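This report refers to the structure that appears directly beneath it.
The values are calculated or read from the model by the stated rules, or taken from the named source; none is laboratory data. None of the values given here were measured: they were computed from a predicted structure. Positions of Cβ are generated from backbone atoms using ideal geometry, with glycine treated the same way; all protein chains shown enter the neighbour counts. Only protein heavy atoms, including side chains, enter the accessible area calculation; ligands, DNA and RNA are left aside. Shrake-Rupley method; radii C 1.70, N 1.55, O 1.52, S 1.80 Å.
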Amino acid sequence: MALLAFLLLAISLVSADENAFIGVNIGTDLSDMPHPTQVVALLKAQQIRHVRLYNADRGMLLALANTGIKVAITIPNEQLLGIGQSNTTAANWVSQNVVAHYPDTNITTICVGSEVLTTLPNAARILVSALKFVQSALVASNLDSQIKVSTPLSSSIILDSFPPSQAFFNRSLNPVIVPMLSFLQATGSFLMLNIYPYYDYMQSNGVIPLDYALFRPLASNKEAVDANTLIHYTNVFDAMVDAAYFSMAYLNFTNIPVIVSESGWPSKGDSSEPDATLDNANTYNSNLIKHVLNQTGTPKHPGISVSTYIYELYNEDNKPGPLSEQNWGLFDANGEPIYILHLTGSGPVLANDTTNQTFCTAKDGADAKMLQAALDWACGPGKVDCSPILQGQPCYEPDTVAAHATYAFDNYYHQMGKAPGTCDFNGVAAITTSNPSHDNCLFSGSGVRNGTFPNSTAPALNSTSSGSPSFYFHGCGSTCAVILVGLLSWFAVFL
């Protein structure tokens, strides 16, 4: 019977898993949290198409509008009691945070709380009610087929997780877990599970080898074998995912897919965390991303990958606790990679190797007059198409000399094939690996090609003849006159 149940499970999961994805969690506990438009620019530059928010922040939802990025939003734990006790409160929440933004913002999932069963045990009794009230609100808004409702759970609720075939949910939680699984099954939703091999490894007292936690290749005699099924496991992640499926089957639920709502590895730790290193974090996340995107699946379900959200986008320097808590991010607050993921051959998602992805930007603190002169030269003799920085065009905002100069400098730099000396502009420009793209203003490494933007056509600057260079003067707007004063001095300085 167990074999039949798992065959049915594998069949039922095939369609759910055809488009397994890698997403990222976006925490906000930073001392210098980037503006939502900067966050979205980073997501676009990294071709991240799935994100999970720990709230339903209006600014983020507005910034994500019309990007196509699929968004999982969260009802924070502190709001759970009110929603779980009142259908009206749940309906109001959905109205304000979902209906007000959908479909412009592609909300696909509502996460009701986070690790409620282990962090808020007193709220466990109303968790299922909260799920049902939110679902009812979606039904009333005719959005239930587009948006799924679930709740991320800690993998610690699974006991005896190895061998996976013997795993089961903590039985004291069954009065909540059974109706929750019934809800997920009835609504076609998924079990969301936070899986952290780092903590499993740290807490195993040496039983779990580091290589097994990091997806590193193992000799066959080092693989973990489930004595009941004779299935070999080469990493903690797969074993935990299969343990979740076995745990659900133990309760007679065999057609609920799993999504991993959090997984990652810290890049720095204190003296008691010697394995929180850049190399280990890079190894784990690179291998995890390849494992998911290559459709490897788990040993029990080969070819059926589990969509996963990486924890997390940014290092959260305000997080309390040990040093590792502040160092789970893939990027710092400036959008610089903490490390370069090894993702050759795994597609464009999070392929943040910036070795060949460089940009030319205005130097911080550069003299405003020098910047203006350099900007005018780039948009004139430099033959950069500066129409995207005219008023009303994608790169007009922010309306500052530095921002407009950065656009012009970078365009010229790429126009000249990033040749040596083409990002200097008399000392007011510098090469950087930090992508200056923002909002719909995508720079040369992210979609701008000589002034052409995806899905839009920027009009050319007016000129007196097709052979005349166009000059741009910051702050003049689209009615700015073309003034040729100083042309010879520009040539003398910049050519």
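Here is how the numbers come out for the structure above:
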{"quantity": "Sites Asp424 and Arg58, calculated FRET efficiency, Cβ-Cβ separation with R0 45 Å, nearest 0.05", "calculated": "0.60"}
{"quantity": "Asp242, Asp32, Asp439, ranked by accessible area, largest first (probe 1.4 Å)", "calculated": "Asp32, Asp439, Asp242"}
{"quantity": "Set of aspartates and glutamates with alpha-carbon distance to Lys383 below 15 Å, sequence-local pairs under 8 removed", "calculated": "Asp410"}
{"quantity": "Pairwise FRET efficiency - Ser145 versus Asn334, Cβ, R0 = 25 Å, nearest 0.05", "calculated": "0.05"}
{"quantity": "Inter-label distance, nm, simple model (7 Å from Cα along the C-beta direction), Leu210/Leu323", "calculated": "1.6"}
{"quantity": "Proximal lysines to Lys319, defined as alpha-carbon separation beneath 24 angstrom and excluding residues fewer than eight positions away on the same chain", "calculated": "Lys268"}
{"quantity": "By accessible area with a 1.4 Å probe, ligands and nucleic acids excluded, highest first: order of Ser154, Ser272", "calculated": "Ser272, Ser154"}
{"quantity": "Equivalent ellipsoid, the stretch 41-91 (semi-axes from 5 times Cα gyration tensor eigenvalues, Å)", "calculated": "28, 10, 8"}
{"quantity": "Quotient of Cα Rg and 2.2 N^0.38 Å for the stretch 126-190, N being how many residues it contains", "calculated": "1.29"}
{"quantity": "For Leu159, residues with placed amide H under 5 Å, excluding near neighbours", "calculated": "Phe168, Phe169, Asn170"}
{"quantity": "Vicinal HN-Hα couplings computed from phi for the stretch 133-143 (Karplus, 6.51 cos²θ - 1.76 cosθ + 1.60; Hz; Gly/Pro x)", "calculated": "5, 5, 4, 4, 5, 5, 4, 4, 9, 6, 10"}
{"quantity": "Rough spin-label spacing in nm, given labels placed 7 Å along Cα→Cβ, for Gln85 and Thr400", "calculated": "4.7"}
{"quantity": "Sites His232 and Asp104 - FRET efficiency at Förster radius 45 Å, r taken between beta-carbons, to 0.05", "calculated": "0.45"}
{"quantity": "Accessible area in the full protein assembly, largest first, 1.4 Å probe, for Thr67, Thr28", "calculated": "Thr28, Thr67"}
{"quantity": "Surface accessible to a 1.4 Å probe, Glu115 within the full protein complex, Å²", "calculated": "40"}
{"quantity": "Extension reserve of the Asn92-Asn66 stretch, reckoned as 0.36 nm per residue once the Cα distance is removed", "calculated": "7.0 nm"}
{"quantity": "Phi-based couplings in Hz for the stretch 302-319 (Karplus 6.51, -1.76, 1.60; Gly and Pro marked x)", "calculated": "x, x, 10, 6, 10, 4, 9, 9, 6, 9, 7, 5, 10, 5, 9, 6, 9, 5"}
{"quantity": "Whole-number accessible area per residue in Å² for the stretch 164-250, which is evaluated in the context of all protein chains at 1.4 Å", "calculated": "41"}
{"quantity": "Spin-label model distance (nm) - Tyr250 vs Met416, 7 Å beyond Cα toward Cβ", "calculated": "6.6"}
{"quantity": "Share of alpha-carbon pairs per 5 Å distance bin for the stretch 33-126, given as whole %", "calculated": "3, 13, 23, 22, 16, 12, 8, 3, 0"}
{"quantity": "3J(HN,Hα) from dihedral phi, the stretch 33-46, Karplus parametrisation 6.51/-1.76/1.60, rounded to Hz, x for glycine, proline", "calculated": "5, x, 5, x, 5, 6, 4, 5, 4, 5, 4, 5, 4, 8"}
